[in-house]
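Asker: To start, I am sharing the structure in question, which I have written as structure tokens.
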Amino acid sequence: MSFKFLVGQAVEYTPIGEKAAGLYKITRQMPVEARAIDLKYCIRSQSEAYERNVLECQLSSDVRPECEYATTKPRPHRAHTELRNRKLRRRNSVRPLPKQLSLA
């Protein structure tokens, strides 16, 4: 079994639940597994901060011009979202009443 796509090649991939395909680049060819039905690849999009592991049958080499793909804003980095969540938790946390207003 030989790989159909090369590292660095642009491919089209439609994530599960999405209606439109996106433009991705092959970042790695995964090792061949003994009983695997299909080969696996790591792919990455400029609009995502992570890589996806996908099967070869989920990819297409019929790539349209880049301007025809839906443009999405890159998602914020995880550290940024963690900091935002921490601030929200701190702001929404229950604070003890001052001593003069305390019921005890």
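The values are calculated or read from the model by the stated rules, or taken from the named source; none is laboratory data. Computed from a predicted structure; not experimentally measured. Don't worry about glycine lacking a Cβ; one is built from the backbone with ideal geometry, like all the others, and counts go over all protein chains shown.
Asker: In this structure, is Val63 modelled with pLDDT of 80 or more and among the hydrophobic types (A, V, I, L, M, F, W, C)? Break it down stepwise before answering.
Answerer: On the way: modelled with pLDDT of 80 or more: no; among the hydrophobic types (A, V, I, L, M, F, W, C): yes.
Against the criterion (modelled with pLDDT of 80 or more and among the hydrophobic types (A, V, I, L, M, F, W, C)), Val63 does not qualify.
Asker: Can you give me the number of residues within the stretch 25-70 that are acidic (Asp, Glu) and closer than 11 Å to Phe5 by Cα? Show your work before the answer.
Answerer: Step one: list which residues in the stretch 25-70 are acidic (Asp, Glu), which gives 33, 38, 48, 51, 56, 62, 66, 68.
Remaining after also requiring closer than 11 Å to Phe5 by Cα: 56.
Looking only at that region, the number is 1.
Asker: Look through the stretch 1-37, keep the residues that are at pLDDT 90 or above and among the charged types (D, E, K, R), and return whichever of them is surrounded by the fewest Cβ atoms within 10 Å (Cβ to Cβ).
Answerer: My answer is Arg28.
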